[in-house]
Amino acid sequence: MRYRPILLMAVLTLLLSACSTSASEPAEIKLNEDSCTACNMGIADLESAAQLILKSGEPVLFDDIGCMTQYLQTEKPEYEAAFVHDYLSREWILFDDAAFIQNSNIDSPMSYGIAAFESLKKAEEYRKTHGGTVYSKDELLEADMKSFKGDGKNHSH
């Protein structure tokens with residue numbers, strides 16, 4: 001009986017340590033110092049930036065959601081978490097939970113024209129007013145990123 005508090009503390013410590021991982025937070029991006037892993041451009045605009053936190057805990061930084069998407073398609077890295085900025089709130093959100101709109105009128109550093117939204121509902125509301133094509137994360141990962149660049153008129157979905 002006298003070991004019960006020690007046992008409870010040990011179990012609680014194990015549970016808490018399992019929940020706290022550095023990957024649950026986006027890494028800090030140093031503007032105009034850090035570069036995009038995919039295109040090597042300096043990251044000058046935090047609102048368009050995206051990032052992966054690999055299973056090793058290493059952050060992989062991108063200047064454009066399109067660059068990260070293309071990297072995911074070609075490299076297929078195992079990642080702990082992926083983050084993009086919500087187009088409306090400008091806050092970091094989870095890539096895996098986001099909805100996306102591709103529209104050539106959306107300004108992004110590498111001209112992919114992809115914006116992330118925290119919910120499908122908000123993406124649909126934006127699309128009704130501003131146009132574009134709505135994508136889930138899985139649909140975005142299947143899309144031809146090269147077709148998004150430029151005027152965007154040649155993509156089909």
Open item on the list: Under the rule of at least 5 residues apart or a separate chain, name every residue whose amide H is placed under 5 Å from the amide H of ASP64.
Closed with: ALA50
- [ ] Please report, in cubic angstrom per residue, the volume enclosed by the convex hull of the alpha-carbon atoms of region 53-121.
- [x] 87
- [ ] With a 1.4 Å probe and every protein chain left in place, work out the accessible area per residue of region 44-122 in Å², rounded to a whole number.
- [x] 44
- [ ] Mind checking region 73-157 for GluC sites (Glu not before Pro) that DSSP puts in a loop (not H, G, I, E or B) and that have at most 15 other Cβ atoms within 10 Å?
- [x] GLU78, GLU91
Open item on the list: From the phi angles alone, apply the Karplus equation (6.51, -1.76, 1.60; θ = phi - 60°) to region 130-138 and give each ³J(HN,Hα) in whole Hz, x where the residue is Gly or Pro.
Closed with: 10, x, x, 10, 8, 10, 7, 4, 5
Open item on the list: Please list, by residue number, every one of the trypsin sites (Lys or Arg not before Pro) in region 62-152 that is coil in DSSP and has at most 14 other beta-carbon atoms within 10 Å.
Closed with: ARG90
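The values are calculated or read from the model by the stated rules, or taken from the named source; none is laboratory data. This structure is a prediction, so every number in the text was calculated from the model and none was measured. Ideal geometry is used to build each Cβ from the backbone, glycine not excepted, and the neighbour counts take in all protein chains shown. To get the accessible areas, we keep the full protein, side chains included, count just its heavy atoms, and leave off ligands, DNA and RNA. Shrake-Rupley method; radii C 1.70, N 1.55, O 1.52, S 1.80 Å.
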